[in-house]
Amino acid sequence: MTSKSLRILLLTGAVIIVGACNKTESTNGNNTAAAETKNSATASAGDPITSAESAAPAAIAHDASIMTVDAKGTPTTLRKGTNGWTCMPDAPDTPGPDPMCFDANAGKWVAAWVAHKPPPEGSVGLMYMLEGGTDASNTDPYAKQPTASNDWVKTGPHIMVVGSKDILTGHPSGAKPDTAVPYVMWAGTPYAHLMVPVTPAT
């Protein structure tokens, strides 16, 4: 995840306050938000909320907390959410668009990864990156740049399923996966997770 990894590292501060920013259940029982995603091509330039919302289906992003994290890891809440999800806008210092949305369980997984600790068991989480992501090592959870041996891959729009060993069974887990199909990233590490490519609704 490299530049994406660096970006997720900055989520540490955000993860700590996710619980304070989100209620665990939505207060809106009649969610009328459309299931389609917001296209970043139509987003206003420099609008972090629109960028953040483009990472996930509108039904999720509409009621999610919106947060940014600066270069020092200091989080800022732009909007308090009500559905337990947190979305972050594109990081301007990475090569491509990489806004993301994650649920509370994924936030715990990220916190464990950042701290080099085992992720909590029985805590399956989801992360949306419907605008795609920047390049990443498929074998080294902490790689920051490509080398001749760290198996760099490129990902398009995808969903990450984290915190479940069972879901990885039967999916390709080699160093050079076909990223057009679901595959295991960081296989053989405590942070192995399923990468699921998707085509966002238009």
Inset, instruction - With a Förster radius of 22 Å, plug the Cβ-Cβ distance of Lys154 and Ala59 into 1/(1 + (r/R0)^6) and report the FRET value to the nearest 0.05. - result: 0.20
Legend entry - Too-long pairs where the Cα-Cα distance tops 23 Å, listed order kept, from Lys80/Lys144; Lys72/Lys108; Lys108/Lys165; Lys72/Lys176; Lys144/Lys165; Lys144/Lys176: Lys80/Lys144; Lys72/Lys176; Lys144/Lys165
Inset, instruction - Give, in nm to one decimal, the length gained when the segment between Val181 and Asp166 is fully stretched (0.36 nm per residue of separation minus the Cα-Cα distance). - result: 3.6 nm
Inset, instruction - Can you tell me how much longer the chain between Leu78 and Ser123 gets when fully stretched, taken as 0.36 nm per residue apart minus their C-alpha distance, in nm with one decimal? - result: 13.5 nm
Inset, instruction - Report Glu131's accessible area, 1.4 Å probe, all protein chains in place, as a number in Å² to the nearest 10. - result: 40 Å²
Legend entry - Whether region 135-202 is rounded, prolate or oblate, judged on the alpha carbon gyration tensor where a/c under 1.5 counts as rounded: oblate
Legend entry - Pairwise label distance in nanometres, His116 with Asp47, each label 7 Å out on the Cα-Cβ vector: 4.3 nm
Inset, instruction - Evaluate the relative contact order of region 43-89 (contact order divided by residue number), counting alpha-carbon pairs under 8 angstrom at least 6 apart; express in whole percent. - result: 42 percent
Inset, instruction - Heavy atoms only, probe 1.4 Å: what % of the accessible area of region 57-166 goes to carbon and sulfur, would you let me know? - result: 54 percent
Inset, instruction - Could you pull out every residue, at least 5 positions away or on a different chain, whose amide H is within less than 5 Å of the one on Trp85? Hs are placed 1.01 Å off N in the peptide plane, and Pro or chain starts have none. - result: Ser65
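The values are calculated or read from the model by the stated rules, or taken from the named source; none is laboratory data. No experiment lies behind these values; they were computed from the predicted model shown. Cβ coordinates were reconstructed from backbone atoms using ideal geometry, including for glycine residues, and neighbour counts include every protein chain displayed. Calculation scope for accessible area: heavy atoms of the full protein, side chains included, ligands and nucleic acids excluded. Shrake-Rupley method; radii C 1.70, N 1.55, O 1.52, S 1.80 Å.
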